[in-house]
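Colleague: I'd like to ask you about the structure that follows.
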Amino acid sequence: MTELTPVLSATWDAEQSWKLSTYTDRGGYGALKKALGMEPADLIAAVKDSGLRGRGGAGFPTGMKWGFLPPDDGLPRYLVVNADESEPGTCKDIPTMLSAPHLLVEGVAITSFAIGSNHAFIYLRGEVVHVYRRLMQAVREAYEAGHLGTNIHGSGYDLDVTVHAGAGAYICGEETALLDSLEGRRGQPRLKPPFPAVEGLYARPTVVNNVESIASVPSIVDKGVEWFTSMGTERSKGMGLFSLSGHVTNPGQYEAPLGITLRELLEMAGGMRNGRPLKFWTPGGSSTPLFTDEHLDTPLDYESVGAAGSMLGTRALQLFDDTTCVVRAVTRWTEFYKHESCGKCTPCREGTFWLAQVLERIEDGHGTDADIQQLLDTCESILGRAFCALGDGATSCITSSVKYFREEYEQHIVQGACPFDHSASALFDYDSAPAPEEAHA
């Protein structure tokens, strides 16, 4: 049985865990002081050797990404932290910033020193005002304690940190759309190349990393590369937050080494609610292909999940039992992607619209035999042809659900109605909408 490894979440249960005093009492900012005494190149090498891979979904090696920056030319370069967490089911960065904001701030300071940046930005989703205030307080405390600002701890290194609240667009989770939004423009993905490492924020070299990626840096510096590589698998090193939600007895954040299985996590979480069987689940959020109960023992690392036909993504494990209509669930996700498409490219803008139309027709019981194939054909027209990954992600749940549950789609068409009681799958008391004649009685 794999054990949980609380590192990022080690202080979450402390009283006022977000306070600077709580963080420093447990060794906080010790890694920053250690890093300031090292050569920046050695810090980058340490992160490369640790095998830390981007925790935002793509899994790209973090140290390698830092190393893509061109040689210092004496002009500004930037670190941008992508805190625009907004995909359905993804909920690991928000609790990290809410419970341990100083962990992120320390990671920002270390990373900025390593890449030679004197100004870092944390781009936060604007709706989470309480998290925005918590981050602002942490940055203010860090300035007052000398962890940010001018001549940090007498090292001669200066760093300013700006916390920026976005306007709430899912597309701004895409790194180049985030940069456009940060510059005051409409959030839409840029054509690449040039990549952000060459021309990013304000056309200057920029590193864009996820919250969890940056928050993992202090522990690597503090405890060493060997400690970090002792966890995880051969190619997926370290620990990570696994977010369990849906029809699970004890939903929440479970921090464990990469390579743990859903069967193990489910046992820790008390199993499925009321002992009902698992029907399907997402290994990395709604933009990743679905898994079923046959994948319970698939190691949750980048390679194993990929070999099984999905993506580890953000480790947003949404679990659904046998009361759930897969067509209804996929329709709701597709409506989200249709709404959040920025409209820049035709495959995504038009494709997600028609996917939602066809799915709603099937789910309402008005579908035809040709609609299932139409869904697959439309997905094929989007996949690999959209300007960014939003279009590709929108097709994942559809094609995988048809692969595993085609008979359920056919059942909607044959019966002319959804065969499921929607109230049975709800996690709360569910009152169906009254019939029109009842509503006007």
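Colleague: Step by step: first the residues of segment 287-328, then only those that are small (Gly, Ala, Ser) and free of Cβ contacts under 8 Å to residues at least 40 places away in the same chain, then the one that is surrounded by the fewest Cβ atoms within 10 Å (Cβ to Cβ). Which residue is that? Write out each step before concluding.
Modeller: Pass one, segment 287-328, residues small (Gly, Ala, Ser): 287, 304, 306-310, 313, 316.
From what's left, free of Cβ contacts under 8 Å to residues at least 40 places away in the same chain: 306-308.
Values: GLY306: 13, ALA307: 11, ALA308: 15.
Looking at residues that are small (Gly, Ala, Ser) and free of Cβ contacts under 8 Å to residues at least 40 places away in the same chain, I get ALA307.
Colleague: Select from segment 297-310 the residues that are over 18 Å from MET231 (Cα atoms) and either modelled with pLDDT under 95 or assigned to a helix (DSSP H, G or I) (or both) and list them in ascending order.
Modeller: Start the filter on segment 297-310 by keeping residues that are over 18 Å from MET231 (Cα atoms), which leaves 297, 306-310.
The answer is GLY306, ALA307.
Residue by residue, here is whether (1) assigned to a helix (DSSP H, G or I); (2) out of contact with any Pro (no Cβ under 6 Å at 6 or more places or on another chain) holds:
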| position | (1), (2) |
| --- | --- |
| ILE220 | yes, yes |
| GLY240 | no, yes |
| SER243 | no, yes |
| GLU255 | no, no |
| GLY259 | no, no |
| LEU266 | yes, yes |
| GLY270 | no, yes |
| ASN274 | yes, yes |
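Colleague: Same structure again: Please determine, by comparing only the residues of segment 387-414 that are open to solvent by 20 Å² or more (accessible area, probe 1.4 Å) and either among the small types (Gly, Ala, Ser) or in contact with an Asp or Glu (Cβ under 6 Å, 6 or more places away or on another chain) (or both), which one is farthest from THR334 (Cα to Cα).
Modeller: CYS388
Colleague: Is at least one residue of segment 82-94 touching a helix residue (DSSP H, G or I) at 6+ places or on another chain (Cβ under 8 Å) and more than 26 Å from ASP392 (Cα to Cα)?
Modeller: For segment 82-94, residues touching a helix residue (DSSP H, G or I) at 6+ places or on another chain (Cβ under 8 Å) and more than 26 Å from ASP392 (Cα to Cα): absent.
Colleague: Would you check if there is a residue in segment 33-41 being closer than 14 Å to ALA215 by Cα, of a type outside the set (Ser, Thr, Tyr) and open to solvent by less than 50 Å² (accessible area, probe 1.4 Å)? Full working, then the answer.
Modeller: Looking only at segment 33-41, we keep the residues that are closer than 14 Å to ALA215 by Cα, and these are none.
For segment 33-41, residues closer than 14 Å to ALA215 by Cα, of a type outside the set (Ser, Thr, Tyr) and open to solvent by less than 50 Å² (accessible area, probe 1.4 Å): absent.
Colleague: Would you mind listing the helices (runs of 4 or more DSSP H) fully within segment 80-171 where at least 2 residues are on the phi < 0 side of the Ramachandran plot and of a type in the set (Asp, Glu)? Break it down into steps so the answer makes sense when it comes.
Modeller: Details: elements: 93-99, 101-115, 129-144.
Output list reads 129-144.
The values are calculated or read from the model by the stated rules, or taken from the named source; none is laboratory data. A quick note: this is a predicted structure, and the numbers were derived from the prediction, not measured. As a convention, Cβ positions derive from the backbone with ideal geometry for all residues, glycine included, and neighbour counts pool all protein chains shown. Note: areas computed on protein heavy atoms with side chains; ligands, DNA, RNA excluded. Shrake-Rupley method; radii C 1.70, N 1.55, O 1.52, S 1.80 Å.
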